[in-house]
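First comes the structure, then the notes that go with it.
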Amino acid sequence: MSADNRFFQNAFKLMPTSAFILHKTSGDILEHNQAFADVFNKQEHDLPTNWLSLSQNTQTKDQWQSFSKTMQSDKAARCCDTLLLGEKEIKSELHFQELDEDHFLVCLYSAEHLDLASAENSLLKLALSESSSGLWVWDIETDAVECSESLCDLIGCSVQSSPKSTATWHCLVHPEDLANLKQIVEQHIAEASKNYEASYRILQGNGNYLWVKERGLIYAVNSDNSIAKTVGFIEDISSQKKLEKHLRRQATFDDLTGLLTHSAATTHFKKQLGLAKRQYTPLTMVKINLNADGALSQLIYEDKNQIIKMAAKDLYRNIREGDILARVASDKLLLLLPNTNVKDAKQMLDEAINSVHSLNFTKKDGDSHSLSICAGVATFPEDGETIEELAESANNAVEAYANDDTILELK
């Protein structure tokens, strides 16, 4: 026997944790240490020679081989089982470590209670890799939930008043998010999937809701391959949610004017076009150029933006509630007028644009100048039967604004 093997055998025999070596295929217990023997000697019971004589829940060779395959996968390394010591049954947690292709090293622990104060240290690497802000462990059978101190700090409660079951945890989840969370977790348990993720709002001790991401991982399985315990990692994602909200708003509303963006307006335009087709009502689209004479281009960036912002605000104030106004380019707006023909559209535009025409600004040469606006009008179905066709017709009308039939020009 080599020196390395003798060292391993001595270390194995003397290790304080109960441990034994198990054959992956047969389930035979090939070696055990003194701590494991002491458990049975104290009960005046013969040492088991096979997993089937040790486990209450594994009854057949086929069940053992199925369980063995599970412990060889990356799904779980821990097992919760009831061990037989004569007539006494002990609920235990066992950690399986593959020694080689044929053998497990199995360490035996009590499963009566998991101290999260120490678990938070033993799971530190895993917690950090998940960028977690708090930990919990859930015993599926007893429905007992234990929260770490860091998680209690996150949700603003003491360890003593922290949720102790899924029911009390669910009381803290925002009602709009609860059904989705339940569905995800129930699927995780039913399929014994390795992990799951869920984002939801949780009620803090100060009465505010906090957006969190929950990542659940199998911590231990039963010998029938069902999940015994799940460990969870809770991360504060409120900053991420604020950023997502900001990005959604950016995609919907123009930062400068507060009007709809081109892409967001297109969705509304198409809905209105669908209504016009079904109800046989007129629909008019207007392309508005706020820089018809190019004078705005002579302003510095900040001054030009200020004029565009004021013009957009005045136009928006003078349109009807059901009309849709969007900024589609730096100095171009697009207006959709539901249930409006060309004649009525021109009358509305005359009034609306006159309110904007009074805006004055000073050019680089020092001269005072009024905002010069022209608009191109296109109507459904004469000028187009799709939003794209109407937009193209209105744009062509703006570019050829000398045509008085389709252009309203104010200078």
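Coordinate-derived values only; no laboratory data. Predicted model only: the values in this text are computed from it and were never measured. Every residue, glycine as well, gets a Cβ built from its backbone with ideal geometry; the counts of neighbours run over all protein chains shown.
Quick rundown of the values:
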{"item": "FRET E, pair Lys88, Leu47, Förster distance 22 Å, beta-carbon r, rounded to 0.05", "result": "0.90"}
{"item": "Over the stretch 197-244, relative contact order from alpha-carbon pairs under 8 Å, at least 6 apart, %", "result": "31 percent"}
{"item": "Average Cα contact separation per residue, the stretch 253-410, under 8 Å, 6 or more apart, as relative contact order %", "result": "29 percent"}
{"item": "Among the listed pairs Lys245/Lys304; Lys182/Lys213; Lys245/Lys270; Lys270/Lys332; Lys194/Lys242; Lys242/Lys271, those beyond 22 Å (Cα-Cα)", "result": "Lys245/Lys304; Lys245/Lys270; Lys194/Lys242; Lys242/Lys271"}
{"item": "Relative contact order (%) - criterion: Cα under 8 Å, at least six apart; region: the stretch 3-110", "result": "26 percent"}
{"item": "Under 18 Å from Lys343, Cα to Cα: aspartates and glutamates that are on another chain or at least 8 residues apart", "result": "Asp323, Glu351, Glu382, Asp383, Asp404, Asp405, Glu409"}
{"item": "Estimated inter-spin distance, Asp293 and Val159, nm [label 7 Å along Cα→Cβ]", "result": "7.7 nm"}
{"item": "Ser263/Leu30 FRET efficiency (R0 60 Å; Cβ-Cβ; nearest 0.05)", "result": "0.35"}
{"item": "Calculated FRET efficiency for the pair Lys309/Gln240, C-beta based, R₀ 30 Å, to 0.05", "result": "0.50"}
{"item": "Using θ = phi - 60° and Karplus 6.51 cos²θ - 1.76 cosθ + 1.60, couplings along the stretch 282-291 (whole Hz; Gly, Pro as x)", "result": "x, 8, 10, 10, 10, 9, 10, 9, 7, 10"}
{"item": "Candidate aspartates and glutamates for bridging to Lys24, where Cα separation is under 19 Å - those fewer than 8 sequence places away on the same chain excluded", "result": "Asp62, Asp74, Asp81, Glu93, Glu98, Asp100, Glu101, Asp102, Asp224"}
{"item": "Antiparallel DSSP beta bridges within the stretch 253-410, as percent of all bridges there, nearest 5", "result": "95 percent"}
{"item": "Under 5 Å, built H, 5+ apart or other chain: amide partners of Ile227", "result": "Asn222"}
